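Comments concern the structure below.
The values are calculated or read from the model by the stated rules, or taken from the named source; none is laboratory data. What you see is a predicted model; the values in this text were computed from it and never measured. We place every Cβ from the backbone using ideal geometry, glycine too, and count neighbours over all the protein chains shown. Each accessible area value is taken on the protein alone, full model and side chains, heavy atoms only, with ligands, DNA and RNA left out. Shrake-Rupley method; radii C 1.70, N 1.55, O 1.52, S 1.80 Å.
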Amino acid sequence: RMPCRLPVLLKALLRLLWDVHSDQGPTPEPVRAALLHGATQCLILLDHCCQGQVKVLLAGLHSSCEEKRLQECFRKVQEST
């Protein structure tokens, strides 16, 4: 059931990561870190449900992304088993 929803879910999670990372508002750092961690965990779970398709799709993003915090999230997904 999840692979057919992969494009929509992946796009939403990546958008969440970007929005949290780039938010310049008054959001406290612990809240930001928790949101990034939660979205990363969701990406890992989605990857497991989709037999590694998320890792394949994120491979290009990981190498081209210059934002350190997002690179760390992508690295965690790539290294998950």
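Summary table
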| read-out | value |
| --- | --- |
| Hits among aspartates and glutamates - C-alpha to C-alpha of Lys76 under 12 Å, sequence gap 8 or more where chains match | Asp47 |
| Protection proxy ranking of 43-54, 18-29 - average other beta-carbon atoms within 10 Å, highest first | 43-54, 18-29 |
| Difference of contour (0.36 nm per residue) and Cα-Cα distance, Val31 to Leu57 | 6.6 nm |
| Charge tally in the Cβ shell below 15 Å around Ala34, where Lys, Arg are +1 and Asp, Glu are -1, Ala34 excluded | -1 |
| Portion, in percent, of the accessible area of the chain that falls on carbon or sulfur, probe 1.4 Å | 62 percent |
